[in-house]
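Report on the structure given below.
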Amino acid sequence: MEERKLKLGGIIDGVGWNYTGWRHPHIPADASENIEYYVQKAKQLEQGKFDLIFLADVSHIGPGMIPHYLSMFEGVSILSALSMVTHSIGLTATIATSYADPFTVARQIASLDKISKGRAGWNAITSNPGGLANYSRSHLKKADLYPMKKEFLEIVEGLWDSYEDDAFIRDKERGVFYDPRKMHPLHYTGNYFSVEGPLNISRSRQGRPVVFQAGTSPAFMDVAAQHAEVIMAPGHDLEYLKAFTEELKRKVQNQGRSPHDLLMMPSHNPIVGETEKDALEKLREIESWMPQGYRMPKPGLMGSAEHVAEQIEHWYREGVMDILLIRQDHPAGFKDFIELVVPILQDRGIFRKEYEEDTLRGNLGLPYPENKYTK
Ligand SMILES: Cc1cc2nc3c(=O)[nH]c(=O)nc-3n(C[C@H](O)[C@H](O)[C@H](O)COP(=O)(O)O)c2cc1C
């Protein structure tokens, strides 16, 4: 099997995933609800040949939350807009299974997948129980979240196979729109959700959107082993991640799946410069718009571009970083990473120079999922 190259993802989170970044002169103070800002970042990441754009989310807010969360767009809406100004980059939205409705989510993400011509991903998370009160589910408890998530995923995956790939004939001459034998209702009855189906949308060029998940607990791992294709993981500790990955891949194998079809995606907040000193100056600059005297913990990936590329290759070769997901506090963060680090990763032969495919699944090297009714 040909070695899979490193993949890259970028989180766009408006004014930043911090309290003070919005004050920087180069960040529009309304970036979290400024579609032009998202368009600019999306195009930049696509020029850098990134595999995917990733949007994190929040489901309940209150005083004390980061500015980004206080007034932001909903993810699928943003990605639908971005799909019209990009061509190859993947588009992944976070929607929590604890709050949403599976039929609606299946429909939204499948629509994004068709609108973007096969580039959608869905990050299925439980989120924390705080959001239950916003979605009329205050009667549920934390212990409900994973059993509910399991049902949610079974339903969404089932709905995405509602039509076999050749169900729609659309023959004007003969007046045959589709073949009803290739339409499959779901008839799902669970403890939390009951869904009859079928879903009113056919499959996309990548078969099904790519399923991402984020979490760490044993309950998380059990559901992920069955349903996840990409795992977003905390990226601060290599040894922890090695143990986590090993255990998760064992569980994947126990489910009869190939561990090769599960990609690990730790997230990092790299600070790079041409030299070590440049990177340090950038760290100090970020600190300078934080509360006085605040010292930011040094990120795991920090230093000269050469040094950062070296570290990335190390994590990649250790088998814990199939995708490097980066988020940035500094307004020039993506630019620096793309101009300084990406060429080194390309020279080392571990990152692409051109997109291989134009679907998310294709670029990630994940297999095409055959419709369960034709398997
Ligand atoms: C890497 C990572 C990313 C996450 N991203 C989000 C997010 O964007 N929005 C959210 O509401 N929760 C997010 N979560 C929280 C999870 O959905 C979940 O509530 C949390 O991990 C606790 O569950 P666990 O103990 O099973 O991991 C994230 C968790 C992890 C580990």
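The values are calculated or read from the model by the stated rules, or taken from the named source; none is laboratory data. Keep in mind the model is a prediction, meaning the values are calculated, not measured. Because the Cβ atoms are built from the backbone with ideal geometry, glycine has one as well, and the counts that use them run over all protein chains shown. For accessibility, only protein heavy atoms count, side chains too; no ligands or nucleic acids. Shrake-Rupley method; radii C 1.70, N 1.55, O 1.52, S 1.80 Å.
Just a few scattered comments:
- Subset of the stretch 108-134 that is within 12 Å of the ligand (Cβ to nearest atom), under 19 Å from residue 232 (Cα atoms) and among the small types (Gly, Ala, Ser) - its residue that is nearest to the chain's Cα centre (by Cα): 124
- Being among the small types (Gly, Ala, Ser) and within 21 Å of residue 112 (Cα to Cα) is a description that does not apply to residue 225.
- Residue within the stretch 159-171 that is under 19 Å from the mean Cα position of the chain (by Cα), within 22 Å of residue 95 (Cα to Cα) and within 16 Å of the ligand (Cβ to nearest atom) present: no
- Set side by side, the residues 165, 179 differ, and just one is closer than 13 Å to residue 371 by Cα, of a type in the set (Asp, Glu) and either touching a strand residue (DSSP E or B) at 6+ places or on another chain (Cβ under 9 Å) or at pLDDT below 95 (or both), which is 165.
- Candidates 48, 21, 64 - the one that is surrounded by fewer than 21 Cβ atoms within 10 Å (Cβ to Cβ) and at pLDDT below 95: 64
- Looking across 109, 95, 35, 78, one residue alone is within 13 Å of residue 14 (Cβ to Cβ), among the aliphatic types (A, V, I, L, M) and open to solvent by less than 30 Å² (accessible area, probe 1.4 Å). It is 78.
- Among the numbered conditions (1) of a type in the set (A, V, I, L, M); (2) open to solvent by less than 50 Å² (accessible area, probe 1.4 Å); (3) away from the ligand (no atom under 12 Å from the Cβ); (4) in contact with a Phe, Trp or Tyr (Cβ under 8 Å, 6 or more places away or on another chain), the only one that residue 231 does not meet is (3).
- Helices (runs of 4 or more DSSP H) lying entirely in the stretch 285-375 (those with 2 or more residues that are open to solvent by 20 Å² or more (accessible area, probe 1.4 Å)): 305-317, 333-336, 342-347
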